[in-house]
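FYI, it's all coordinate maths here, none of it is from the lab. Just so it is clear, the model here is predicted, and its values are computed rather than measured. Don't worry about glycine lacking a Cβ; one is built from the backbone with ideal geometry, like all the others, and counts go over all protein chains shown.
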Amino acid sequence: MKKTGDDYFDSEEFRSILNNYEESAKSGHSVYMDADDLADIADYYHFTGDDSQASEVIEYALSLYPNATLPNVFKAREALTTGDIDSAREYIEQIENKDDLEYHYMQAELLIAQDMVEEADNNLRQYLKTLPPDEYQDFIMDVANIYFDYGLSGKAYEWMMRSKGDDSKDFKELMAHTLFGLGKYKDSERLFNELLDKDPYSKNYWNALSNAQYMNEDFSGAVTSSEYAIAIDPQDPISVINKANALIRLGNYEEAIHYYDRYAEIASPDEFSLFNKGGCLSNLNRHEEALTVLQQALEISPRDSQLLPQIYQELAFCCSSLKRLDEALHYIDETRTLECDHIEMLVLKGHILLENGQNERAEQVFKNAIIRSNNDPNIILRIIVSLYDNKYVKAAYEMFQKFFSMVVNDQFDQGYSYMALCCNDLGYKEEFLMYLRLAVERNPSEARLVLGHLFPEDMAAKEYYHYMYQKLRK
């Protein structure tokens, strides 16, 4: 039994229960265990990805204890994950002890799964009033966990704020995850660091910290944190994929490929890891290899995968780079029936036509995209960037001049980095410095992404202007 990172599953108490069950199962003897213990074993198997074993255990538990709480809770939650509301309701009603907290939690989950969040919240608030004071804090934590599990971080935070003060590890961990869900990545990072001060060998905390750093664009920090997690458990797929994803953002494509391959050895490769590996290969101009990997991603990707449009898009880029225009356009056309930004796909089609010397066709497609977007500045910007990427630098520069005179809204902060690139390529030093300053002031993330190759690797975007000003004045 390997370490899971879960305190209870890794405890000696649970290990003993699991060993007793598995030894009895191996010997073919009947296993007479408490219903709650059997439910915990099923949870463990589900947690470790062995759903067939989990199902076997829970069915056995229900055969022994058809009205027990936790086995029916397990089956009800399983039904809710597949959208089977009626089956979930049946399992909940099979619970004999209607005073059990788990019964009330499942009633709330049933409502939440039907988008009746306020009804669920009202019921939970009413039930909270009936609890003795010594059960108050545990109830708050349980409810907050339920909301967090359903992706309702705002509600989870709202319930946690009802706490009368809790400095426990569990509370702090849930708060850290909730803050992450609310997009408060710096606050989340701070709490995970505090948790790691107390428990430096928790791979789950290191992985969570890595995710917070990644979202806060501290990609070097994300790599370092994932490395600590890997050191604790070299076979942990989450740690490995976290490192691979952060390496991409640092432009370390070769090393990222190594970790995507390592992920494939540990876990079954999925469309996400294959898509990202294909992107790495494309960035290294290894387009034939990228095409093979991306086609693998396409083969295993469900038709309702949100990643599917991006896979088709990357396949189109690869084919275009290999001058296989018809194939590239075929992959763009495949997105017509998918849920995606079809105007963005028109821009991509125009880009591919331009890349393959079909300038007149590209112009018509770009015009169509602008008309269909009602002159959306984001679409116009992408078209100008396409011109730049296809080496029409002077044309991109001239379009940018018109573009910036058209976009007077101070809230539109994109494009200045690309205009700075145009000016730099054309040798317009004064304009280059002017747009560089605007880029780092208005959109440092874009500046880092677009202009970072012109500066020392570890330099912060806010330092770009001063560095370049001094360099050009020498």
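Things to note:
- A crude spin-label estimate for the pair Asn359 and Asp134, with each label 7 Å from Cα along the Cβ direction, gives 8.4 nm.
- D_trans [Stokes-Einstein, Kirkwood Rh over alpha-carbon pairs] for region 413-474, 20 °C, 1.002 mPa s, µm² s⁻¹: 193 µm²/s
- Computed over the chain, the per-residue total of -39500 (n - 2.57) for DSSP H runs of n ≥ 4 gives a 222 nm mean residue ellipticity of -23000 deg cm²/dmol, rounded to 500.
- Each of Gln235 and Asp115 was given a label point 7 Å from its Cα along the Cα-to-Cβ line. The distance between the two points is 4.3 nm.
- In straight-distance terms, cross-link reach from Lys323 covers every one of the lysines whose alpha-carbon lies under 16 Å from its own, apart from those fewer than eight places away in the same chain; here that gives Lys349.
- Debye-sum result for region 1-96 in log10 I(q)/I(0), which assumes one identical scatterer on each alpha carbon, at q = 0.21, 0.22 Å⁻¹: -1.07, -1.14
- Length gained on full extension, Asn216 to Asp36, computed as 0.36 nm times the residue gap minus the Cα-Cα distance: 60.7 nm.
- Where a label projected 7 Å from the Cα of Leu322 along Cα→Cβ would reach, residues of region 291-310 with amide N under 15 Å: 291-299
- Taking the average, over residues, of other Cβ atoms within 10 Å as the packing measure, peptides 336-346, 322-332 rank 322-332, 336-346 from highest down.
- Distance histogram in 20 Å bins (all Cα pairs of the chain, percent per bin): 18, 46, 29, 7, 0
- Note on Phe404/Asp149: beta-carbon distance plugged into 1/(1 + (r/R0)^6) with R0 of 56 Å gives a FRET efficiency of 0.75.
- Using θ = phi - 60° in the Karplus curve 6.51 cos²θ - 1.76 cosθ + 1.60, the 3J(HN,Hα) couplings for region 88-93 round to 4, 4, 4, 5, 4, 6 Hz; x is entered for Gly and Pro.
- Scanning residues 5 or more positions from Ser305 or on other chains, none has an amide H under 5 Å from its amide H, with H placed 1.01 Å from N in the peptide plane.
- Under the Karplus curve 6.51 cos²θ - 1.76 cosθ + 1.60, θ = phi - 60°, whole-Hz ³J(HN,Hα) for region 420-427, x wherever Gly or Pro sits: 4, 4, 4, 4, 5, 5, 8, x
- Mean Cβ count within 10 Å, highest first, over the residues of peptides 356-369, 205-218, 123-136: 205-218, 356-369, 123-136
- Computed from phi, the 3J(HN,Hα) profile of region 281-296 under the Karplus parametrisation 6.51, -1.76, 1.60 (θ = phi - 60°) reads 4, 5, 5, 8, 6, 9, 5, 5, 5, 4, 4, 4, 5, 5, 5, 5 Hz, with x in place of Gly and Pro.
- For the set Lys75/Lys203; Lys186/Lys471; Lys198/Lys462; Lys394/Lys429, the pairs lying more than 25 angstrom apart at their alpha carbons are Lys75/Lys203; Lys186/Lys471; Lys198/Lys462.
- Inter-label distance for Asn123 and Lys471, nm, one decimal - labels placed 7 Å from Cα along Cα-to-Cβ: 6.2 nm
- Highest average packing first - 145-151, 401-407, 452-458, 111-117, Cβ atoms within 10 Å: 145-151, 111-117, 401-407, 452-458
- Within straight-line cross-link reach of Lys169, aspartates and glutamates at Cα separation under 12 Å, skipping those fewer than 8 residues along the same chain: Asp7, Glu194, Asp197, Asp199
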